[in-house]
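These notes concern the structure reproduced below.
The values are calculated or read from the model by the stated rules, or taken from the named source; none is laboratory data. No experiment lies behind these values; they were computed from the predicted model shown. So basically every Cβ, Gly included, is an ideal-geometry build from the backbone, and we count neighbours across all protein chains shown.
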Amino acid sequence: MTIDWTAFTDLISQHQRFVLTSHVRPDCDALGSELGMAGVLQAIGKQVRIVNAQKTPPNLEFLDPDGSVEALDELSENPGDTTDVIMVLDTSAWVQLGSMADVVRTTNAVRVILDHHKSGDDLQAVEFKDVSSEATGALVAQAAEALGVSLTAEIARPLFAAVATDTGWFRFPSTSQSTYALASQLVSAGADPAEIYRELYEQETLGRLRLRGLVLSRVAVSEQTGLAYMHVRLADFLETGALPSDTEDLVNLALTIEGTRAAVILVEQQSDVYKVSFRSRCELDCSEVAAQFDGGGHKAAAGGSIRGDFDEARAAVLDAMQSQLQ
């Protein structure tokens, strides 16, 4: 499904004040898309705020050196009351908005979605979705072109991080000739791949490394189905000194094991509340499995959540994955 950029630009031209938001536990595509879109809208004279349910993870603060991304729980007012448009980027699922879901539900502003995920809910929004796109950040670059905005270093830097990470640094099947063309365009505009990679992957904390070692020590693989699975409990954060954001991308390490066809990780976020991340490099559709756990995403990568006793939660998740791999 391609996007009607004429309809998008018409909507943008009709409004002045914008609030941008994205999913909880924001990754580079979420933050990069928000920051890139903010730069695009500001370039054409719009008033823009970025408000997320949660603070930016410490390891991604480099994307926002000016600290422009606000956290809802630190605000004294409802941002949905003083805007013309709320634009949701990189998700269209209520559960993924966290506390920002109430803001979106109750606002009188126009609701807009810009996203590349297949699954989603009815947010009563004007949707601009392209599930064939490699990243929402790539859609923001297209929006800039449609609006006649020239890319600057401030816009290109977060968009490069968005595209690079959502394509696994250009190694996932979603990477195409146009992806490399966009990367070239972003570099020409001022994005520095070496600097972005260094900030993302060469600024490890001791706690993150200890957590990675602990989680990898307990990884298991089913010889019958090729499913690799791992978990993180709340006590693990205390033991290692790691942060919840340090679990980002841990599940991808399981896919490096020879013979692995799919992987899953359960991360305890509150007592008996687990975030679940699914990955596949076979015919298994992660988005279909995630839908069983109030989630969604892509065929190769998706997420959801589950509540309950750990052993029961893990058994339910593994059963759902194993049944698809038989």
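Here are the numbers for this structure:
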| item | result |
| --- | --- |
| Flag for Gly295 being touching a strand residue (DSSP E or B) at 6+ places or on another chain (Cβ under 6 Å), farther than 24 Å from Tyr201 by Cα and touching a residue at least 40 places away in the same chain (Cβ under 8 Å) | yes |
| Tally, over region 287-306, of residues that are over 19 Å from Trp94 (Cα atoms) and surrounded by 19 or more Cβ atoms within 10 Å (Cβ to Cβ) | 1 |
| Residue count, region 103-128 (criterion: more than 19 Å from Asn52 (Cα to Cα), in a strand (DSSP E or B) and in contact with a helix residue (DSSP H, G or I) (Cβ under 6 Å, 6 or more places away or on another chain)) | 1 |
| Selection count where residues are buried (at least 18 other Cβ atoms within 10 Å of the Cβ) and in a helix (DSSP H, G or I), scope region 44-80 | 6 |
| Residues satisfying the stated conditions in region 11-40, i.e. surrounded by fewer than 24 Cβ atoms within 10 Å (Cβ to Cβ), among the hydroxyl-bearing types (Ser, Thr, Tyr) and part of a loop (DSSP other than H, G, I, E, B) | none |
| Out of Asp246, Asp319, Asp309, sole residue that is buried (at least 18 other Cβ atoms within 10 Å of the Cβ) and outside the structural domain of Asp121 (by TED's automatic domain parsing) | Asp246 |
| Residues (crowded, with 16+ Cβ neighbours inside 10 Å and not aliphatic (A, V, I, L, M)) located in region 173-190 | Ser174, Thr175, Thr179, Gln185 |
| Given (1) over 23 Å from Glu134 (Cβ atoms); (2) more than 19 Å from the chain's Cα centre (by Cα), number of the condition Gln54 does not satisfy | (2) |
| Total residues in region 71-106, condition more than 18 Å from Leu41 (Cβ to Cβ), among the polar types (S, T, N, Q) and out of contact with any Ser or Thr (no Cβ under 7 Å at 6 or more places or on another chain) | 6 |
| Pairs with Cβ under 7 Å, 6+ apart, first in region 68-91 and closer than 12 Å to Ser22 by Cα and in the same structural domain as Ile50 (by TED's automatic domain parsing), second at pLDDT 95 or above and of a type in the set (Phe, Trp, Tyr) | Met87/Phe18 |
| Single residue of region 102-130 satisfying the filter (surrounded by 17 or more Cβ atoms within 10 Å (Cβ to Cβ), hydrophobic (A, V, I, L, M, F, W, C) and in contact with a Leu (Cβ under 9 Å, 6 or more places away or on another chain)) that is farthest from Gln269 (Cα to Cα) | Phe128 |
| Selection within region 248-289 - free of Cβ contacts under 8 Å to residues at least 60 places away in the same chain, out of contact with any Leu (no Cβ under 7 Å at 6 or more places or on another chain) and part of a helix (DSSP H, G or I) | Leu250, Val251, Ala254, Cys286, Glu288, Val289 |
| Within region 222-259, tally of residues that are in contact with a strand residue (DSSP E or B) (Cβ under 8 Å, 6 or more places away or on another chain) and of a type in the set (A, V, I, L, M) | 10 |
